[in-house]
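S.K.: The structure is given below, and queries will be raised subsequently.
The values are calculated or read from the model by the stated rules, or taken from the named source; none is laboratory data. Keep in mind that what you see is a predicted model, and the values were worked out from it rather than measured. Here Cβ is always computed from backbone atoms with ideal geometry, including for glycine, and neighbour counts include all displayed protein chains.
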Amino acid sequence: MVQESVALCSLCNGSGWLPLEGALKVRACNCQAGMRQRQRTVTAAIPKRYFPCTLAHFHDRGNISLSRARKRVGEFVDCWPAVDRGLLMMGGCGAGKTHLAVAVLQEIINSGKPGSLLFSNFQDLIQEIQGSFGADQAPTKTEILKPLLNADLLVLDELGSQKPTAFIQDTLYYVINSRYNDEKPTIFTTNYLDDPREKEERLEERIGSRLRSRLHEMCERVIIDSDDYRRNVASRRV
């Protein structure tokens, strides 16, 4: 079998490093930048569907609320890692919350800024923990949650999406309170508001008063008032 030849970088000859003139030191070659970005994207557990989610691909569609949210995300990225609070993105389904939250991770990665980053969907997290109960050689709850506690920046998507059982409350409290105590910034997205329309649940009812109180201190609230982008796209395809 003939092996396919791989083109080597003409600068570093495939080593990934360049010597610094006049010093016994090296620096990373530019050819490694793309690989490092891909590795960080994988490590951050960004779902494939959200790979294109950057600020450049976020369209405010003339909506003032979306424009303000995009601007605030851009400011957050510009300041990273010198930030002391996260973001709490609140709005209806398809408003663009997850796109903007992932855009923070993507922009930090693409700009080469430091920090360990992680994306986690809360509903998937709960199901992973529950699936580990009683399973042979399955990771423990502590092992599953450890990356969420250690990440320099965590995006926790769909906050409040699961019914607030005692198990869910305990798990959520452990994650949020740990990051609160360690002063680690977190970006949350949620479909629940503090002052929703009649008959809709408040965020506090979904996560409890203790956690909602902590979020006031941990995050700046970003309310996104927009219609369902996914539904609009689907209707245009019909």
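S.K.: Within the bounds of segment 38-60, is there any residue that is among the β-branched types (Val, Ile, Thr), modelled with pLDDT of 95 or more and either under 18 Å from residue 224 (Cβ atoms) or surrounded by fewer than 20 Cβ atoms within 10 Å (Cβ to Cβ) (or both)? Even if it seems obvious, please write down each step before you answer.
M.R.: Step one: filter segment 38-60 for residues among the β-branched types (Val, Ile, Thr), giving 41-43, 46, 54.
Remaining after also requiring modelled with pLDDT of 95 or more: 43, 46, 54.
In the following step, the residues that additionally are either under 18 Å from residue 224 (Cβ atoms) or surrounded by fewer than 20 Cβ atoms within 10 Å (Cβ to Cβ) (or both) were identified as 43, 54.
Taking every residue of segment 38-60 in turn, at least one turns out to be among the β-branched types (Val, Ile, Thr), modelled with pLDDT of 95 or more and either under 18 Å from residue 224 (Cβ atoms) or surrounded by fewer than 20 Cβ atoms within 10 Å (Cβ to Cβ) (or both).
S.K.: Kindly provide the set of residues from segment 187-214 that are over 25 Å from residue 151 (Cα atoms) and of a type in the set (A, V, I, L, M, F, W, C), ordered by number.
M.R.: 193 - this is the single residue of segment 187-214 that is over 25 Å from residue 151 (Cα atoms) and of a type in the set (A, V, I, L, M, F, W, C).
S.K.: Quick check on this structure: which one of 178, 226 is over 26 Å from residue 63 (Cα atoms) and hydroxyl-bearing (Ser, Thr, Tyr)?
M.R.: Criteria check complete, one pass: 178.
S.K.: Now, a different point. Does segment 171-216 hold any residues that are under 23 Å from residue 103 (Cα atoms), in contact (Cβ under 8 Å) with a residue 12 or more places away in the chain and surrounded by fewer than 13 Cβ atoms within 10 Å (Cβ to Cβ), and which are they?
M.R.: Listed by number, the list holds a single entry, 183.
S.K.: Taking residue 87 as meeting all but one of (1) in contact with a Ser or Thr (Cβ under 6 Å, 6 or more places away or on another chain); (2) under 22 Å from residue 207 (Cβ atoms); (3) surrounded by 19 or more Cβ atoms within 10 Å (Cβ to Cβ), write down the number of the exception.
M.R.: So the condition that residue 87 fails would be (1).
S.K.: Take segment 45-83 and flag every residue that is closer than 14 Å to residue 108 by Cα and in contact with a strand residue (DSSP E or B) (Cβ under 7 Å, 6 or more places away or on another chain).
M.R.: 46, 76
S.K.: Same structure again: For residues in segment 124-147 being over 17 Å from residue 177 (Cβ atoms) and of a type in the set (D, E, K, R), which is surrounded by the fewest Cβ atoms within 10 Å (Cβ to Cβ)?
M.R.: 136
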